[in-house]
1. Take TYR182 and tell me if it is without any contact (Cβ under 8 Å) to a residue 24 or more places away in the chain and on the phi < 0 side of the Ramachandran plot.
2. Could you grab me the full set of residues in the stretch 13-37 that are surrounded by 11 or more Cβ atoms within 10 Å (Cβ to Cβ), assigned to a helix (DSSP H, G or I), out of contact with any helix residue (DSSP H, G or I) (no Cβ under 7 Å at 6 or more places or on another chain) and not aromatic (Phe, Trp, Tyr)?
3. In the stretch 162-200, what residues are farther than 20 Å from ALA142 by Cα and either touching a helix residue (DSSP H, G or I) at 6+ places or on another chain (Cβ under 8 Å) or in a helix (DSSP H, G or I) (or both)?
4. Which count do you get for residues in the stretch 226-266 that are in contact with a Leu (Cβ under 7 Å, 6 or more places away or on another chain), more than 22 Å from GLY299 (Cα to Cα) and among the polar types (S, T, N, Q)?
5. Looking at the stretch 238-256, can you tell me whether even one residue there is part of a helix (DSSP H, G or I), at pLDDT 90 or above, farther than 27 Å from GLY143 by Cα and not assigned by TED's automatic domain parsing to the domain that holds ASP108?
6. Which one of LEU129, LEU158 is farther than 17 Å from LEU218 by Cβ and either buried (at least 22 other Cβ atoms within 10 Å of the Cβ) or not β-branched (Val, Ile, Thr) (or both)?
7. Among the helices (runs of 4 or more DSSP H) lying completely within the stretch 59-129, list those that include at least 1 residues that are within 23 Å of ALA142 (Cα to Cα) and among the β-branched types (Val, Ile, Thr).
8. Look at ALA215 and say whether it is surrounded by fewer than 19 Cβ atoms within 10 Å (Cβ to Cβ), part of a helix (DSSP H, G or I) and out of contact with any Leu (no Cβ under 9 Å at 6 or more places or on another chain).
Amino acid sequence: MKQLAFPGCSPAYICRIEAGERVPSPRILAELARRLGVTTAELAGRASGGTILPARIGLAEMAVRMGAPDAAELLEALADEARACGDMHALSRAVEGLGQLAIERREDDRAVSLLEEARALEPTATARLRPGLYESLGRAYAGIGDLSRAISVLRTALEEARTPPVDARDVIRFGVYLASAYTDQGRFADAEAVLADVLEVEESLADPIARMRLAWALARTYAEQGRLRLAERYMGEVVAQLQATEHTLLLGRAHAVLGGILVDQRRPAEADAHLERAGELMRDAGAAPELATLSADRGRAALIAGDVEGAREAARRALTETAATEPGIAGAATLVLARAALHDGELDEARFLCHRSIELLEDTTAPHYVAEANQVLALVEQRSGNFEAALEALWNGLGAVDRGIAETS
């Protein structure tokens, strides 16, 4: 800084420029550029053609990946500068970064808008060139519940990754998210077909993270179908792999999923160990929906263990944590409350909660959960002496399962 300084531009002033606290005048910028042997455009962060240097874009994107507190400010500044100089590539990348931040904040509607804008700003940006853009867009559409568009985006990206030369990493990347979207839509046969294709490619890839993501997708698909032993096997592999890494939040999520699978198998003691560990790992960094799922599963485990009051407390906590944004989680928590009301003989309350649970679960999760809610409703109606209503509830539960079987055949 002392070597660069000159009258009107002290070392302290250069320090402030470097920290972003001062904007140099054109005269000072020109003299600094002359002394450094670069053009003023390059010193300002632009290439000789007036475009933003790739290093500037990379730094802003790195801030997003690292969770830097000033990431949004860096991206906004980059976007403003890109607009001013007409660099559509840099502008598209900056807008994409803002979209990714929106996903992390659960602002999925805003994320869709930003990511579609990023795609429109650079129409030549294919999934092979910008895989992160297509992955984020697919996730954002899934986040707002528009699974058809999520599937369309991810299927296009997967087909491109399969085109020779095959990009094995991106086949796994897009295949995992596409299978998840199919699973959310209840199209289990399509999800399994995609995962079968991905498994063939997986053998040629040594990347442990990609393999872990694939195992996670398989576990989730099998869990939603009610094939719990297979789901437990794959999720157990994920937990084992993550324990050797520093991915604390991911490990917490994996323990939570495995705990939920064990609850489904009515193994509360084993489930509690994983749910407790998940709570420890996710307490500070977990997102609200994940914490709500954890609370709902704790409620289910407490019911199986006979702790009705503990189940009720956990379910109410889950409903508070979802803030009415996650109907599937809210449906599972409401079913816990319905079971607790049934246990206490509060049949009118149990009936109301069962109907509410079915309403929340019907379009958002797997058929076997809807069937379970109908089974509880059938018990309520039987104890109330309404045998015709009990039979209807059982029939509706069987219908939910049949629809799931039809979709997977």
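The values are calculated or read from the model by the stated rules, or taken from the named source; none is laboratory data. Remember, it's a predicted structure, so these values are computed and weren't measured experimentally. Neighbour counts run over all protein chains shown; Cβ positions are idealised from the backbone, glycine included.
1. So TYR182 fails the test.
2. Matches in the stretch 13-37: ILE14, CYS15, ARG16, ILE17, ILE28, GLU31, ARG34, ARG35.
3. Answer for the stretch 162-200, where residues must be farther than 20 Å from ALA142 by Cα and either touching a helix residue (DSSP H, G or I) at 6+ places or on another chain (Cβ under 8 Å) or in a helix (DSSP H, G or I) (or both): ARG162, VAL166, ASP167, ALA168, ARG169, ALA196, ASP197, VAL198, LEU199, GLU200.
4. Qualifying residue count, the stretch 226-266: 2.
5. Yes - at least one qualifying residue is present in the stretch 238-256.
6. LEU129
7. Correct list: 88-104, 108-121.
8. Spelling it out, it is not the case that ALA215 is surrounded by fewer than 19 Cβ atoms within 10 Å (Cβ to Cβ), part of a helix (DSSP H, G or I) and out of contact with any Leu (no Cβ under 9 Å at 6 or more places or on another chain).
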